[in-house]
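Heads up, the thing below is written out as structure tokens.
Just so it is clear, none of the values below were taken in a lab; they were calculated from the coordinates. The model shown is predicted, which means the values in this text are computed figures rather than measured ones. With ideal geometry, Cβ positions are generated from the backbone for all residues, glycine too; neighbour counts draw on all protein chains shown.
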Amino acid sequence: MLPTIPELCRVAGVSQRTLEYGFRDLLGVTPVRYLKLLRLNRVRRSLVRRRSEDETVTSVAVRSGFSDLGRFAGEYRQLFGERPSDTLRRA
């Protein structure tokens, strides 16, 4: 499970604003966007390494913390240039 923003702040000993400035300065994205990119990449890895024939895009997405599947699919397609189902189909 990925950490939450408050957990990151606590571990780093900084405020949420300071954490955001640091992420923007070093990575060019907010902490929220960074965590979302990590989750999207986790889904892609899981789809490519399909564990069983019963595994679905929905099950992988939900397991990775996505609840709005329409938004998830759009963000996945924007990042990877294909639908998550296309990734799974090639696996």
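Every residue in the range 71-85 that is in contact with a helix residue (DSSP H, G or I) (Cβ under 9 Å, 6 or more places away or on another chain), charged (D, E, K, R) and surrounded by fewer than 16 Cβ atoms within 10 Å (Cβ to Cβ), please. Correct list: ARG77, GLU82, ARG83. Name every residue in the range 45-59 that is surrounded by 16 or more Cβ atoms within 10 Å (Cβ to Cβ) and either closer than 15 Å to LEU2 by Cβ or among the small types (Gly, Ala, Ser) (or both), in order of residue number. The one that is surrounded by 16 or more Cβ atoms within 10 Å (Cβ to Cβ) and either closer than 15 Å to LEU2 by Cβ or among the small types (Gly, Ala, Ser) (or both): SER46.
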